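Below is one structure, written out as structure tokens; the observations come after it.
The values are calculated or read from the model by the stated rules, or taken from the named source; none is laboratory data. Note that this is a predicted model, so its numbers are computed, not measured. Cβ placement follows ideal geometry from the backbone for every residue including glycine, while neighbour counts extend to all protein chains displayed. To get the accessible areas, we keep the full protein, side chains included, count just its heavy atoms, and leave off ligands, DNA and RNA. Shrake-Rupley method; radii C 1.70, N 1.55, O 1.52, S 1.80 Å.
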Amino acid sequence: DAKTTQPNSMESNEEEPVHLPCNHSTISGTDYIHWYRQLPSQGPEYVIHGLTSNVNNRMASLAIAEDRKSSTLILHRATLRDAAVYYCILRDEGYGGSQGNLIFGKGTKLSVKP
Amino acid sequence: DSGVTQTPKHLITATGQRVTLRCSPRSGDLSVYWYQQSLDQGLQFLIQYYNGEERAKGNILERFSAQQFPDLHSELNLSSLELGDSALYFCASSWSAGTDTEAFFGQGTRLTVV
């Protein structure tokens, strides 16, 4: 499984932008970069995903480095509801075992201060 | 609401027993995934089904089994339960098995083995 590295925790102030980094130096050309988050006592929630180009949706933006070895999830205005564990996941095209699936690491725990 | 329904929400059972967890995917989704989340292990991928067929297998114990039925709902069977099987079990679904597809998670079944 392709691996990602994320900071264990980050803090943000409410209504300020948040940049959550993810390193994936061993990414291959067909790996998609997925972000999910898990709020306390809830199931994981899809946030955004991309392959090469930057992506935007109603929840967040995903900035992907030109060499694809890192990416950044951007929350434009953090709210208290954004306090969660954020997971950066590489999903590859492999078959067999757990390849091709969403393999969760430890993620980044985001705290949002009012 | 993700559209993925898991039942029951809570389950308490004794060691050595067998339980069945049920998952109804979002309408139109063909792929179902099962995950286990315990405090010390994080989110562990167990197994994936696509249109009734097993597609990928992760860290699933031999005491555990799953299947996806023709109506696309899925069941996870846990037998000879041990205290260490106490965890949250999440089901997720996606419309395809492709790596560029987002998955939607249910709220989970909390299993307590006493």
How big is chain A by the Kirkwood estimate over distinct Cα pairs, in Å?
-> 14.2
Rg followed by Dmax, in Å, when chain B is reduced to its Cα trace | 13.2, 40
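At a 1.4 Å probe radius, carbon and sulfur cover how many percent of the accessible area of chain B?
On the way: 2560 of 5340 Å².
Its accessible area is 48 percent carbon and sulfur atoms.
Of A:45, A:11, B:62, which has the most accessible area with a 1.4 Å probe, and how do the rest follow in descending order? Mind dumping the intermediate values first?
Values: A:45 55, A:11 130, B:62 190 Å².
Reading off the accessible areas and sorting them downward yields B:62, A:11, A:45.
Could you put A:14, B:54 in order of accessible surface area, largest first, with the 1.4 Å probe and the full protein assembly present? Display every interim value, and only then the final one.
Values: A:14 65, B:54 95 Å².
Putting A:14, B:54 in descending order of accessible area: B:54, A:14.
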Express in Å², to the nearest 10, the accessible area of residue A:5 obtained by rolling a 1.4 Å probe over the protein heavy atoms while all chains stay in place.
-> 90
Provide a whole-number value for the mean count of partner chain Cβ atoms within 10 Å of the Cβ atoms in peptide B:54-62.
-> 3
Counting every Cα pair in the protein assembly as shown, what percent are over 28 Å apart?
-> 30
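When the dipole is taken about the Cα centre of chain B, and only Lys, Arg (+1) and Asp, Glu (-1) are charged at their Cβ, what size is it in debye, to the nearest 20? Intermediate values should be presented prior to the final figure.
On the way: 8 positive and 12 negative charges, 54 e Å.
Taking the Cα centre of chain B as origin, the dipole is about 260 debye.
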Within a Cβ distance under 10 Å of residue A:46, other residues only, what is the Lys/Arg minus Asp/Glu net charge?
-> -1
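Across peptide B:28-35, how many C-beta atoms of other chains are within 10 Å of each residue C-beta, on average? Could the numbers behind the result be given before it?
Numbers: counts 0, 0, 0, 1, 0, 2, 0, 5.
Shielding by partners across B:28-35 averages 1.
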Any idea which of A:38, A:75, A:5 is furthest toward the positive side of the dipole for chain A, if Lys and Arg beta-carbons carry +1 and Asp and Glu beta-carbons -1?
-> A:38
Can you work out ³J(HN,Hα) from phi for every residue in region A:50-62, in order, using Karplus 6.51 cos²θ - 1.76 cosθ + 1.60 and θ = phi - 60°, giving whole Hz and x for Gly and Pro?
-> x, 10, 10, 8, 5, 10, 10, 9, 5, 8, 6, 10, 10
Peptide-level mean, for A:42-51, of C-beta atoms on other protein chains within 10 Å | 5
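Taking the solvent-accessible surface of protein heavy atoms with a 1.4 Å probe, what is the per residue accessible area of chain B in Å²?
On the way: 5340 Å² over 114 residues.
Counting only protein heavy atoms, the per-residue value for chain B is 47 Å².
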From the backbone phi of region A:69-81, what are the Karplus-calculated ³J(HN,Hα) couplings (6.51 cos²θ - 1.76 cosθ + 1.60, θ = phi - 60°) in whole Hz, Gly and Pro given as x?
-> 7, 8, 8, 9, 8, 10, 9, 6, 9, 5, 10, 4, 5
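Checking an interface number: how much accessible area is buried between B and A, summed over both chains, with a 1.4 Å probe, in Å² rounded to 100?
About 1800 Å² of accessible surface is lost on pairing.
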